[in-house]
1. Among the residues of region 51-70, how many are out of contact with any helix residue (DSSP H, G or I) (no Cβ under 9 Å at 6 or more places or on another chain) and assigned to a strand (DSSP E or B)?
2. Only one residue in 76, 88, 49 is at pLDDT 95 or above and in the same structural domain as residue 131 (by TED's automatic domain parsing). Which one?
3. Restricting to region 118-137, what's the tally of residues that are touching a strand residue (DSSP E or B) at 6+ places or on another chain (Cβ under 6 Å) and not in a loop (DSSP other than H, G, I, E, B)?
4. Restricting attention to region 138-148, report how many residues are at pLDDT 90 or above and assigned to a loop (DSSP other than H, G, I, E, B).
5. For region 127-148, which positions are under 17 Å from residue 48 (Cα atoms) and loosely packed, with under 13 Cβ neighbours inside 10 Å?
6. What tally of residues in region 84-117 results from selecting those that are more than 20 Å from residue 33 (Cα to Cα) and in a loop (DSSP other than H, G, I, E, B)?
């Protein structure tokens with residue numbers, strides 16, 4: 001009898017984990033649906049600012065090619081992972097791998113992807129809606145667009 005209670009408790013635990021994981025994945029997908037907006041731009045990294053919160057940072061970019069001249073839309077919950085104004089852009093994301101000023105980037109919003117080509121590495125990362133309050137605050141405090 002004692003083993004049956006343990007097995008039932010274990011099954012409820014596993015079921016709860018599966019439910020929470022599925023629900024979280026759906027919320028993530030729903031939140032990032034707004035990134036399917038056709039924005040594509042590329043350029044050269046001109047500045048890198050890192051916070052002390054899990055490597056979150058702001059990449060400043062000189063835009064060399066873009067399909068939009070300006071993008072700075074607001075969201076009810078969170079912020080877009082990029083802003084563009086003319087030949088300047090910012091990208092907000094965790095910066096885990098060594099990035100350097102001079103790296104080339106290409107951001108394709110529909111794919112939720114950013115491609116890096118630098119002196120030390122060439123790789124692909126993800127972009128997503130920023131919802132962490134401390135990351136949002138860091139992005140706002142370190143934005144080049146707030147200094148204009």
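The values are calculated or read from the model by the stated rules, or taken from the named source; none is laboratory data. All figures in this text were calculated on a predicted structure; none of them were measured in a lab. Cβ sites come from the backbone with ideal geometry, for glycine too, and all protein chains shown count toward neighbours.
1. Total satisfying the criteria: 8.
2. Working: 76 fails: at pLDDT 95 or above; 49 fails: at pLDDT 95 or above.
Matching residue, one of 76, 88, 49: 88.
3. Going residue by residue through region 118-137, those that are touching a strand residue (DSSP E or B) at 6+ places or on another chain (Cβ under 6 Å) are 123-125, 127, 130, 135-136.
Filter once more, so that each one left must be not in a loop (DSSP other than H, G, I, E, B): 123-125, 130, 135-136.
Selection size over region 118-137: 6.
4. Initial filter on region 138-148 (at pLDDT 90 or above): 138-143.
Those still in the list that are assigned to a loop (DSSP other than H, G, I, E, B) too: 142-143.
Count: 2.
5. Residues of region 127-148 under 17 Å from residue 48 (Cα atoms): 127, 135-147.
Hits for region 127-148 are 137, 141, 146, 147.
6. Final tally of qualifying residues: 11.
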